[in-house]
Amino acid sequence: MRDEDRAPLTGAALQAAVRDIGRIAGAHQSFLGLVEAMSRVELDASARYMNDPSEICLAFDKLRCQRHLVGHHVPVPPLLGSVASYDQLREQMAARRWSRVFIKLRHGSAASGVVAYEIMRGREQARSTAEMAPGDPGVRLYNTRRIRRYGDRDAIRALIDALAKEGAYAERWIPKVTLDGLACDLRVVLTAGKPTHWIVRASRHPFTNLHLGGRRFEIDALRSRVPEDGWAAVVDTCRSVGAAFPRCSYLGLDVAIERAGRHAVLEVNAFGDYVKGLVVAGRTPHDAQLETLWT
Amino acid sequence: MTISDATEAFGGKPVRDFDPGVGLSEAGTAAYRIAIDWERHENDEKATDLLAALVSDARAAEVTALLFGDWGGTAEGNDAGPIVEAIVSASTRLPNLTALFLGDMTFEECEISWIQQTNVSALFGAFPRLEELRIRGSTGLSLGPVRHQSLRKLVIESGGLGADVIAQVRNAEVPRLEHLELWLGDDGYGWDGRIDDVAPLLQSGFPGLKYLGLRNSQIADHIAAAFAQVPARPGLEVLDLSLGTMTDEGAQALSESTAARALRKLDVHHNYLTAAGLRALATLGIAIEASDQQQDSDGCRYVAVSE
């Protein structure tokens with residue numbers, strides 16, 4: 001679906017969607033609002049900011065952001081591209097012989113509207129941070145902290161079609177390394193383009209976000225599983241992301257590490273510097289940011 | 001839970017990924033792992049080619065332990081048939097193989113009940129010195145008739161084990177078996193048995209058995225009750241009913257079991273016991289592993305590993 005084909009919410013429908021707590025609606029419209037607000041900031045000669053407004057907009061368009069990273073030689077999960085519908089997704093997966101993908105909102109955050117989808121021999125399953133309620137037409141989507149599992153094709157079709165309407169894209173599901181039987185990835189906070197803070201996020205679900213009940217491990221728990229050159233490559237990648245966002249003084253990256261030691265950047269978060277209790281060498285990410293401002 | 005992590009040691013040796021460029025430089029001291037992850041699969045690399053390279057190595061005869069992870073496209077539904085066939089064909093080049101792991105992959109690589117196994121019966125004839133066989137995933141699995149003089153340890157990890165495979169285990173002629181571990185699983189994922197299918201394992205067969213694991217079971221309470229009915233079993237040191245849905249009812253039955261009292265250790269970790277159930281088990285006067293007890297959600301209890 002092209003962006004200009006997406007009917008904007010207006011009037012009473014807009015009011016209702018805004019008041020409907022937890023509802024996933026108008027994701028693209030919200031993004032346009034962000035772009036508008038950021039452009040006003042850019043035009044304000046007196047405005048001072050730590051992250052550049054246009055780079056913030058880039059990070060809030062996840063598909064464009066991933067393609068931007070590819071252009072900067074940053075490893076990301078192979079992209080399937082925009083998702084127009086369930087049927088189109090299945091065709092694309094079949095063409096690439098892929099059986100497992102992640103579907104994400106193009107303009108989502110905090111794991112809103114994410115689906116881990118897998119198919120095999122006529123069987124299919126979707127696990128998601130979105131739950132469905134009957135809508136007219138189709139379904140309404142809500143964020144949930146309790147991961148939903150859908151095994152029925154009609155339900156999965158409704159879910160993916162509804163996400164497609166909000167603007168979604170798909171990428172290859174990279175199998176994450178496991179620790180204590182939990183799937184792990186990394187949240188890395190960059191300060192002035194360099195990785196300064198790290199935490200391992202772990203979950204029995206494919207989604208590791210801490211607000212979804214993900215457990216935390218110290219970095220050494222994972223680091224010991226990765227060969228030394230593999231770890232150096234992760235650090236290089238973090239710096240490359242920093243270079244791809246030269247006018248952002250901080251960023252939060254989600255990085256998947258694979259069993260074989262390879263890695264891929266899953267997401268770049270323009271406001272991803274807050275991780276509760278994350279202190280490295282006596283400094284929080286905010287301490288580190290203040291230091292860069294003073295020096 | 002310490003399930004579904006990358007296996008770090010197997011057959012008493014640290015695990016190394018086999019790299020044809022390096023060869024079997026640690027043939028005598030390491031277990032070797034062969035796997036084709038998604039990227040190698042997309043590059044058309046084959047697990048059978050890696051195995052061919054391994055058995056062509058001058059030191060292949062020294063290898064005692066092999067692990068097979070993703071055999072290429074496992075998550076797409078490719079079954080273990082071709083790799084098992086290749087392992088069997090290569091048996092003369094692996095005369096000292098004593099430990100074999102088929103399906104060493106995590107749920108992030110492929111859900112356990114989605115792993116397509118195969119008929120592995122030819123392995124038993126091909127590797128007469130095999131002492132340990134570990135299989136993850138039981139969809140499509142058949143052991144066939146098993147007759148083997150060396151096998152000491154048999155493990156089948158499953159999200160739902162079929163009664164047909166359990167019958168093959170019951171009927172297996174494995175006089176040296178010391179460790180039998182079956183993950184029975186959930187009836188939504190392949191478990192189609194009843195207590196009668198597993199109860200015979202509690203009382204007889206396998207005279208040298210020291211460890212019996214009937215793990216990850218949604219009928220853990222029934223298994224506990226059945227164990228309470230059998231006489232003490234000489235030689236059996238450990239009963240492992242972990243990862244299941246046992247309640248205090250099962251714990252109470254075990255606490256009154258003569259056979260349980262004769263054990264060295266009872267493992268019931270990751271079940272649904274309360275303090276009362278744990279107190280009952282403590283009266284047995286044996287080692288009890290009971291960590292990580294779960295609480296039911298709206299009356300529903302789930303085994304640890306199903307999907």
> How much mean residue ellipticity at 222 nm does the protein assembly as shown get from its helices, if each DSSP H run of length 4 or more adds -39500 (n - 2.57) and you divide by all residues, to the nearest 500 deg cm²/dmol?
Replying inline: -8500 deg cm²/dmol
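Sort the protein assembly as shown into rounded, prolate or oblate with this rule: let a ≥ b ≥ c be the square roots of the eigenvalues of the Cα gyration tensor; rounded if a/c is under 1.5, and if a/c is not under 1.5, prolate when a/b is larger than b/c, oblate otherwise. Walk me through the numbers on the way to the answer.
Working: a/c = 1.97, a/b = 1.64, b/c = 1.20.
Note, shape of the protein assembly as shown comes out prolate.
For region B:1-132, give the share of DSSP beta bridges that are antiparallel, in percent and rounded to the nearest 5; count only bridges with both residues there. Don't jump to the answer; show the numbers that get you there.
Values: 2 of 14 bridges.
Here the antiparallel bridges make up roughly 15 percent for region B:1-132.
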> Which of rounded, prolate, oblate describes chain A, given a ≥ b ≥ c as roots of the alpha-carbon gyration tensor eigenvalues and a/c under 1.5 marking rounded, otherwise prolate only if a/b is larger than b/c?
Replying inline: oblate
> Given the C-alpha centroids of region B:149-165 and region A:118-191, what is the distance between them in whole angstrom?
Replying inline: 33 Å
> Based on the Cα gyration tensor of chain B, what are the three equivalent ellipsoid semi-axes, each the root of five times an eigenvalue, rounded to whole Å and given largest first?
Replying inline: 35, 21, 17
>> Using 10 Å bins from zero, what percent of all Cα-Cα pairs in region A:1-121 falls into each bin?
In response: 10, 33, 35, 17, 4, 0
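If region A:175-294 were replaced by its equivalent ellipsoid, with semi-axes equal to the square roots of 5 times the Cα gyration tensor eigenvalues, what would those be, largest first, whole Å? Numbers along the way, then the final one.
Working: eigenvalues 103, 51, 32 Å².
Equivalent ellipsoid of region A:175-294: 23, 16, 13 Å, largest first.
Could you sort B:Trp38, A:Trp98, A:Trp294 by their accessible area in this structure, using a 1.4 Å probe and putting the largest first? Show your work: numbers first, answer last.
Details: B:Trp38 30, A:Trp98 5, A:Trp294 195 Å².
Result, largest first: A:Trp294, B:Trp38, A:Trp98.
Using alpha-carbon pairs under 8 Å, 6+ residues apart, how would you state the relative contact order of chain A in percent?
On the way: 533 pairs, mean separation 55.8, N = 295.
Rounded, it is 19 percent for chain A.
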>> Using a 7 Å offset from the Cα along the Cα-to-Cβ direction at both A:Arg283 and A:Arg123, what is the distance between the two label points in nm, to one decimal?
In response: 5.0 nm
> What are the extents of the Cα atoms of region A:84-153 along their three principal axes, listed from largest to smallest and rounded to whole Å?
Replying inline: 30, 25, 22
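Can you classify region B:1-132 as rounded, prolate or oblate using the Cα gyration tensor, where a ≥ b ≥ c are the square roots of its eigenvalues, rounded means a/c under 1.5, and otherwise it's prolate if a/b beats b/c and oblate if not?
Details: a/c = 1.35, a/b = 1.33, b/c = 1.01.
Since a/c stays below 1.5, the shape of region B:1-132 is classed as rounded.
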> Where the centre of each part is set by its Cα atoms, how far does region B:30-55 sit from region A:6-35, in angstrom?
Replying inline: 49 Å
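Only four residue types carry charge here, +1 at the Cβ of Lys and Arg and -1 at the Cβ of Asp and Glu. Report the dipole size of the protein assembly as shown about the Cα centre in Debye, rounded to the nearest 20.
Details: 66 positive and 79 negative charges, 97 e Å.
For the protein assembly as shown, the charge dipole is close to 460 debye.
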> Using a 1.4 angstrom probe and counting only protein chains, how large is the accessible area of B:His269 in Å², to 10?
Replying inline: 30 Å²
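Between A:Asp154 and B:Ala61, what's the calculated FRET efficiency when r is the beta-carbon distance and R0 is 56 Å? Round to 0.05. Could the numbers behind the result be given before it?
Details: r = 56 Å, r/R0 = 1.00.
Plugging the Cβ-Cβ distance into 1/(1 + (r/R0)^6) gives 0.50.
About the Cα centre of chain B, how large is the charge dipole given +1 on each Lys and Arg Cβ and -1 on each Asp and Glu Cβ? Please answer in debye to the nearest 20. Spell out each step's value before the answer.
Working: 24 positive and 45 negative charges, 334 e Å.
With only Lys, Arg, Asp and Glu charged at Cβ, the dipole is about 1600 debye.
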>> Principal axis extents for region B:232-307, Cα atoms only, whole Å, descending order, please.
In response: 39, 27, 17
>> Rounded to the nearest 5, what % of DSSP beta bridges with both residues in the protein assembly as shown are antiparallel?
In response: 60 percent
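Please list B:Arg147, A:Arg67, A:Arg216 in order of solvent-accessible area, largest first, computed with a 1.4 Å probe with all protein chains present. Show your work: numbers first, answer last.
Details: B:Arg147 170, A:Arg67 130, A:Arg216 95 Å².
The ranking, largest first, comes out as B:Arg147, A:Arg67, A:Arg216.
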>> Can you sort B:Ser291, A:Ser224, B:Ser217, A:Ser249 by solvent-accessible area, 1.4 Å probe, largest first?
In response: A:Ser224, B:Ser291, A:Ser249, B:Ser217
> Rounded to the nearest 5, what % of the DSSP beta bridges within region B:143-307 are antiparallel ones?
Replying inline: 10 percent
>> Going through the cross-link list A:Lys176/B:Lys265; A:Lys62/A:Lys165; A:Lys165/A:Lys276; A:Lys176/B:Lys153; B:Lys13/B:Lys153; B:Lys13/B:Lys210, which pairs have a Cα-Cα distance over 24 Å in this structure?
In response: A:Lys176/B:Lys265; A:Lys165/A:Lys276; A:Lys176/B:Lys153
> In square angstrom, rounded to the nearest 10, how much accessible surface does B:Ile195 have for a 1.4 Å probe?
Replying inline: 50 Å²
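The values are calculated or read from the model by the stated rules, or taken from the named source; none is laboratory data. Note that the structure is a prediction, hence the values are computed from the model and not measured. So basically every Cβ, Gly included, is an ideal-geometry build from the backbone, and we count neighbours across all protein chains shown. Surface areas here come from the heavy atoms of the whole protein model, side chains and all, with no ligands, DNA or RNA. Shrake-Rupley method; radii C 1.70, N 1.55, O 1.52, S 1.80 Å.
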